[in-house]
1. Pop a pseudo-label 7 angstrom from the Cα along the beta-carbon direction at both Phe132 and Glu82 and give the gap in nm to one decimal.
2. Taking θ = phi - 60°, what integer Hz values does the Karplus form 6.51 cos²θ - 1.76 cosθ + 1.60 yield along the stretch 54-59, in sequence order, with x for Gly and Pro?
3. Using θ = phi - 60° and the Karplus form 6.51 cos²θ - 1.76 cosθ + 1.60, what ³J(HN,Hα) does each residue of the stretch 86-92 get, whole Hz, x for Gly and Pro?
4. First select every other residue whose beta carbon is under 9 angstrom from the beta carbon of Asn76; then total the charges, Lys and Arg +1, Asp and Glu -1.
5. Taking neighbour Cβ counts within 10 Å as the exposure measure, how do Arg52, Arg85 sort from fewest upward?
6. Around Tyr79, which amide H atoms from residues at least 5 apart in sequence, or from another chain, sit under 5 Å from its own amide H, with H modelled in the peptide plane?
7. Is the shape of the stretch 49-146 best called rounded, prolate or oblate, per the rule: a/c under 1.5 gives rounded, else a/b larger than b/c gives prolate, else oblate, with a ≥ b ≥ c the square roots of the Cα gyration tensor eigenvalues?
8. Given a Förster distance of 22 angstrom, what is the FRET efficiency for Asp50 paired with Gln111, based on the Cβ-Cβ distance and rounded to 0.05?
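Bear in mind these aren't lab numbers, they're just calculated from the coordinates by the rules spelled out. These numbers come from a predicted model, not from an experiment. Cβ placement follows ideal geometry from the backbone for every residue including glycine, while neighbour counts extend to all protein chains displayed.
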Amino acid sequence: MKMSKRLPLVFLILVVGVLGLGLVRSKYQSFKTQQADDQKLCSLTVRPTDEREKAVAAIRDFLEMPTAEVEYECNNAFYSEEEDRLITAKGETYTAGMMYFVVDPATNYVQKDYDYSSNYSQEEVEQIAKGFIAKHPSAIGNIDLQ
């Protein structure tokens, strides 16, 4: 008698589990398909190697590490269904070790965020920033420090 009362509960748990697994599998397949599509678009819109080498050189300069291993990841070009056209990349992503960089493909300027606020005063941060800007114009551009 007890077994017959538990059977519907076991069946219900089994059905929910199978449906849940199907949903997770479907979401995973969708994610993998989107990831593959993104990689295809990335490979179709990548800049030529010699142009990307300028970005790599800027990142090495930014890091003050001329032999750093810098790898191109992708760019943020995308196809706009609303406008029915390809929107060109405004940024390319690169990695150097565990660091992540975004480079403007038009200028090869490097964008990297640092938060020194808990370690330095406002004046010290300003001096660090001015020194860095003056030292790395090829990586971030010629900026008027006045």
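1. 3.4
2. Ordered by residue, 3J(HN,Hα) equals 5, 5, 4, 4, 5, 5 Hz.
3. Using θ = phi - 60°, the values come out as 7, 9, 5, 5, 9, x, 10 Hz.
4. Working: positive: Lys90; negative: Glu92.
Local net charge: 0.
5. Numbers: Arg52 19, Arg85 9.
Least crowded to most crowded, the residues run Arg85, Arg52.
6. Ile87
7. Details: a/c = 2.06, a/b = 1.66, b/c = 1.24.
Prolate shape, in that a/c is at least 1.5 and a/b is the bigger ratio.
8. Details: r = 22 Å, r/R0 = 0.98.
It comes to 0.55.
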